[in-house]
Amino acid sequence: MNHSAALKTDVAWVEPQAETETAPHVLVVDDVADNRDILSRRLVRRGFEVTEAVGGEDALAKISESSFDIVLLDIMMPDLNGNEVLKRIRKQYSNTELPVIMVTAKSQSENVVDSLDNGADDYITKPVDFNVAMARITNQLKKKSAAEANSRKTKNFEETAQFLNQTLDQRNEELSLESERRQISEEKLHYMAFHDSLTGLLNRQGFRDILSHAFDNMPTTNVEPALLFVDLDAFKSVNDVYGHEIGDKLLSQVADRLSELVGPDISVCRLGGDEFAIVTQFENQPVKSMLIAEQIVEQMNLPFIVEGKSLTIGASCGVARASQFDEDLDGLIKAADLAMYHAKSNGRCGAVLFENRMFEEQEERRALEIDLHHAIQNSEFEVFYQPLVNVESNEISGFEALVRWPHKTRGIMSPDAFIPLVEEMGLINELGNWVLRSACEEAIKWPSNINVAVNLSPNQFKNDSLLATLVNVLATTGLNPNRLELEITESALLDTEKRTIKTLESIQELGVRISMDDFGTGYSTLSYLQDFKFDKIKIDKCFVQGMEENVSDEAIIEAIVKLSDSIGMGTTAEGIETDSQLKCIMDRGCTEGQGYLFSRPLTSDDAGKFIESFVGIKDLSTSGLD
């Protein structure tokens, strides 16, 4: 629309920002540039901050981006008329939040009526009488200011009232708590100090009290105290899966079962978490205490029913006799705790009586931990390489990297002797990353058709930095990703399934191959073979070495090979030591072999020599294979 009407002569005006610290921000909306320019310049001279909008859409965009105190809105515009713009403004802002004065060339137009119905605060007509316009603008700003002031007062009043109410409630609560505290008897305070709030059993303080009392009475009686430490084997998994509420209810049931088992004359204590202690006093020690310990293990292995869920957790128990420690209370506690950890290390769900050698083993373990820390910090390990042979082409297909520890006094230590301790110490990622890098650095020296396989521990596989480590190692060593194979055991796949599959897919996207190691010996998570295509399955050596005497082992190998073939995966038979074992796995279609028949694990230098000496050999069979 083209409005060319000129503004009428204006009179002197007092600047409206006198009442406020900042100039009022006005949005002038008109599709005619001359109209916007004339009105904007006069408003600016009166101390207003002015923003112009060339149409309805532009006005809505500017309102969404900036804050305005008032809008002068032309009704007739080509892209979006003023009434439509007004409707959209009123969906977001009330009249007091953003006043809108309509500008029209028709003083009696039905458009003005529509504007007022749609929430316009006022209107002015063209040609604009600037004095009238200023009076109406000032009036709307005063209304807005008054509404805002009233809103602030109301808010201040509500906040003050809320604060006073909260203060009063807090004071009443404090008085109530103080009154309750004063009503608690001395007997109740004593009970709370010496008993566990969840189970009602004696707590750690109560435990030390009765154990000390039993020690004091030992010289004057014919009975000997013994201490039983009980630790629940699978409690953490219950907490992780079902939550702490179920875990607390389970602990209460454990406390009840223990108390019922030992009877009212024997004290049961909860030391914290899932650890319990029992103090016995018998003439015939340690026979009776060991009998109780074995009964505890048996009872704790029976299911608990918590909110309809059947939970089996098991327990490990350590037993120590007081007569071995004179008056050394802490020594007895350490001994029972150490015996309990021996029970756990023996496979859990068992009872172990403390022996003096356990202290010696503990000291030995501590020394080994110190040596391990030093060895990892200084990379004092060595990677050996055992060949993987393609039994169809009679060629070396790769090497499996196997870490060894050349200990200064113990000699060459195999992974079984130190890897579990490294995992307990939380150092497996650091060691594993070193092995990965060392293996890739060595593999780059081999012919390009020979790959390297590296084992990943479950903790490494679950580590968030695994992918970044792989990318870094491959980039810095220059090894082609398709020459690297990661061997993952079934136990590493038992965590969150979606995360596991995502990690496996991300590794393969790098070009790195993935094999499932020791297949058939763990949980046999066949669902993962359905959800994810491994590059290879490694058949555990227990089946290979047992198939000549055990028909079922032979059948298992045949089934694994057929399964792998059907879903397009290769197979490697581990632990091949004889010609007949080699023939057997070849007859069943296995494509790759590994074992002492081909070679023991080799140093990096010997691996290179093995590659050179193996080139050109086309027939791995010997007499007896055919």
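For the range 286-348, the solvent-accessible area with a 1.4 angstrom probe is 47 square angstrom per residue. Pull out a ≥ b ≥ c, the square roots of the eigenvalues of the alpha-carbon gyration tensor of the range 347-389, then state rounded if a/c is under 1.5, prolate if not and a/b is larger than b/c, and oblate in the remaining case. Oblate, because a/c is 1.5 or more while a/b does not exceed b/c.
The length gained by stretching the chain between ASP605 and GLU283 to full extension, at 0.36 nm per residue less their Cα-Cα distance, is 109.4 nm.
For the range 297-438, rounded, prolate or oblate, judged on the Cα gyration tensor with a ≥ b ≥ c (square roots of eigenvalues), a/c < 1.5 rounded, else prolate if a/b > b/c? Since a/c reaches 1.5 but b/c is at least a/b, the shape of the range 297-438 is classed as oblate. For the chain, the longest principal axis of the alpha carbon atoms and the long axis of helix 604-614 meet at an angle near 70°. Heavy-atom accessible area with a 1.4 Å probe sorts GLU84, GLU327, largest first, into GLU327, GLU84. Against the chain, whose longest principal axis comes from its Cα atoms, helix 466-477 is set at around 80 degrees. Based on C-alpha pairs under 8 angstrom that are at least 6 apart in sequence, the chain has a relative contact order of 7 percent.
A crude spin-label estimate for the pair ALA559 and LEU467, with each label 7 Å from Cα along the Cβ direction, gives 3.6 nm. Centre-to-centre separation between the Cα atoms of the range 285-332 and those of the range 370-413: 41 Å. Normalising the average separation of contacting C-alpha pairs (under 8 angstrom, six or more residues apart) by the number of residues puts the relative contact order of the range 437-510 at 40 percent. Heavy-atom accessible area for TRP405, with the other protein chains in place and a 1.4 Å probe, reaches approximately 10 Å².
Counting only protein heavy atoms and using a 1.4 Å probe, the accessible area of ARG513 comes to about 80 Å². Net charge of the neighbourhood of ARG204, taken over other residues with C-beta under 9 Å away and scored Lys/Arg +1, Asp/Glu -1, is +1. The local environment of ASN455, defined by Cβ-Cβ distances under 11 Å, has a net charge of -4 under the rule Lys, Arg +1 and Asp, Glu -1. Would you give the gap between the C-alpha center of the range 590-604 and the C-alpha center of the range 418-485, rounded to a whole Å? For the range 590-604 versus the range 418-485, the Cα centre distance is 20 Å.
Ranked from largest to smallest solvent-accessible area, with a 1.4 Å probe on the protein heavy atoms, SER115, SER393 come out as SER393, SER115. Within the same chain, lysines fewer than 8 places from LYS155 are excluded, and of the rest, those with a Cα less than 22 Å from its Cα are LYS142, LYS143, LYS144. In this structure, the pairs whose alpha-carbon distance is over 19 Å, taken from LYS538/LYS583; LYS249/LYS309; LYS344/LYS541; LYS344/LYS462, are LYS344/LYS541; LYS344/LYS462.
Please determine, in degrees from 0 to 90 and to the nearest 10, the orientation of helix 415-424 with respect to the longest principal axis defined by the Cα atoms of the chain, where the helix direction is its Cα long axis. Once rounded, one gets 30 degrees.
Of the accessible area of the chain, computed with a 1.4 Å probe over protein heavy atoms only, carbon and sulfur atoms account for 48 percent. Solvent-accessible surface of protein heavy atoms, probed at 1.4 angstrom with all chains present, puts LYS188, LYS62, LYS536 in the order LYS188, LYS62, LYS536, largest first. A simple count of charges around VAL29, restricted to other residues whose Cβ falls under 10 Å of its Cβ and scoring Lys, Arg +1 and Asp, Glu -1, yields -3.
Shape call for the chain from the C-alpha gyration tensor, a ≥ b ≥ c root eigenvalues: rounded (a/c under 1.5), prolate (a/b greater than b/c) or oblate? Note, shape of the chain comes out oblate. Using Cα centres only, tell me the gap between the range 62-132 and the range 536-580 in whole Å. Here the two parts' Cα centres lie 84 Å apart.
Helical runs (DSSP H, four residues minimum) scored at -39500 (n - 2.57) apiece and divided by the length of the chain put the mean residue ellipticity at 222 nm at -15500 deg cm²/dmol. Using a probe of 1.4 Å on the protein chains alone, the accessible area found for THR500 is around 10 Å².
The values are calculated or read from the model by the stated rules, or taken from the named source; none is laboratory data. Everything quoted here is computed from the prediction, not taken from an experiment. Cβ sites come from the backbone with ideal geometry, for glycine too, and all protein chains shown count toward neighbours. The area values use the complete protein model at the heavy-atom level, side chains included, leaving out ligands, DNA and RNA. Shrake-Rupley method; radii C 1.70, N 1.55, O 1.52, S 1.80 Å.
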